[in-house]
Amino acid sequence: MRRRAEINAPTLLILFLILGLAGVTGCGRSGDKSISLDVPRGYVAALELNLDGRRVGFGPFVGYYFKPESPDDLTRLKFVCFNERSFYTRDMPENAKLFEGEAVLTRLADVGRDLPDRDRINPVFFPDSPEEWLKTRPSPQDEFIHFHSCYDAQGPVLVGFWVRHVGTAAFTYDMGGRVDPGSPLYHRVEPGVDKDFARIMEFDRGLRAKR
């Protein structure tokens with residue numbers, strides 16, 4: 001049963017981030033190699049936030065690790081993204097660092113729309129997203145082009161993070177060979193702000209949501 005989009009205050013992704021899929025590597029590509037995963041100190045795969053007396057979760061996602069910019073403030077996060085299980089590209093070794101960036105906590109307007117909760121990660125691309133939601137992007141808006149929701153025990157909520165990806169290497173984002181150039185996820189990443197990242201809002205049901 002889908003729940004009404006509500007909170008009293010704050011195949012496709014990342015396919016971003018559907019857990020459990022095995023990475024696929026290509027023959028003769030640097031993705032055939034593997035290096036040790038080197039998560040910086042203080043970064044974690046998942047966070048819990050206290051919103052209006054409710055506990056909500058954020059993460060985990062394949063290869064992503066987060067750290068609050070300030071220890072007592074979870075509204076702004078730093079993050080790093082690695083090619084764990086060769087999940088995102090065949091061009092880079094397994095566990096290579098792909099992105100770093102920032103994430104800003106945001107509350108979306110309740111527009112009377114049910115939040116999708118069929119799958120763990122439920123994508124809504126920008127053309128299908130209410131304008132009221134898109135207007136909440138932090139500045140610069142052309143760099144914060146990915147949203148990922150938090151969740152509670154019932155599923156996705158209207159609070160989540162707008163994310164700004166900064167490439168740390170040059171590679172083709174092809175979901176480990178699972179998507180081709182016809183996919184909105186497929187694109188070329190260069191060092192610097194990735195303005196070609198999929199313009200998508202993802203609503204996360206969480207790992208233990210009641211159905």
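List of remarks:
- Among residues other than F87 with Cβ under 10 Å from its Cβ, the summed charge is 0 (Lys and Arg +1, Asp and Glu -1).
- Loop-located chymotrypsin sites (Phe, Trp or Tyr not before Pro) in region 181-211 whose Cβ has at most 14 other Cβ within 10 Å (DSSP): none
- Over all other residues within a Cβ to Cβ distance under 13 Å of S129, the charged ones net out to 0, with Lys and Arg as +1 and Asp and Glu as -1.
- Inter-part distance where region 178-211 and region 40-90 are each reduced to a Cα centre, Å: 16
- 5 angstrom amide H check on H187, placed H, neighbours 5+ away: Y173
- Taking a ≥ b ≥ c as the square roots of the eigenvalues of the alpha carbon gyration tensor, region 38-117 is oblate, as a/c is not under 1.5 and a/b does not beat b/c.
- As a ratio to 2.2 N^0.38 Å, the alpha-carbon radius of gyration for region 3-204 is 0.99.
Taken together, the values in this text are just the output of simple stated rules run on the coordinates, not laboratory data. Bear in mind the structure is a predicted one, so any value in this text is a computation, not a measurement. Here the Cβ is made from the backbone with ideal geometry for all residues, glycine too, and neighbour counts use every protein chain on show.
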